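Read-outs throughout are calculated quantities, based only on the coordinates presented, and are distinct from any laboratory measurement. Computed from a predicted structure; not experimentally measured. Ideal geometry is used to build each Cβ from the backbone, glycine not excepted, and the neighbour counts take in all protein chains shown.
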Amino acid sequence: MLDFDPVSRALVHRRARRRGVAQRLMAAADAVARDECKTVLVLDTVTGGDAERLYARAGWQRVGEVPKYALMPDGSFCGTTFYYKHL
């Protein structure tokens, strides 16, 4: 049986982007998961959002998309893309 953990929400303020903050947060999440002997991480994000590039660079594997899965702050539906990462 695989031991997995969902990655909770982590956001970087727009003014702090492009400074490596998100990469450091993801590396810290990986380290905590390894310390807790996790073998698989899973997460989801808004389809087409900026975070998708970050996850690809960090070694996450895209699983697929569910259209109209979540709500945006304005109440409109958005697609959600799911990812996993083996540690």
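For the pair Cys37 and Lys68, what calculated FRET efficiency results from E = 1/(1 + (r/R0)^6), where r is the Cβ-Cβ distance and R0 = 30 Å, to the nearest 0.05? Step by step, r from the Cβ atoms, then E = 0.25. Loop-located GluC sites (Glu not before Pro) across the chain with a Cβ neighbour count of 16 or fewer within 10 Å are Glu36, with loop assigned by DSSP. The loop-placed trypsin sites (Lys or Arg not before Pro) in the chain, going by DSSP, that have at most 11 neighbouring Cβ atoms within 10 Å of their Cβ come out as Arg9, Arg18, Arg19. Mean projection of the Cα convex hull over all viewing directions, computed for the chain: 6.2 nm².
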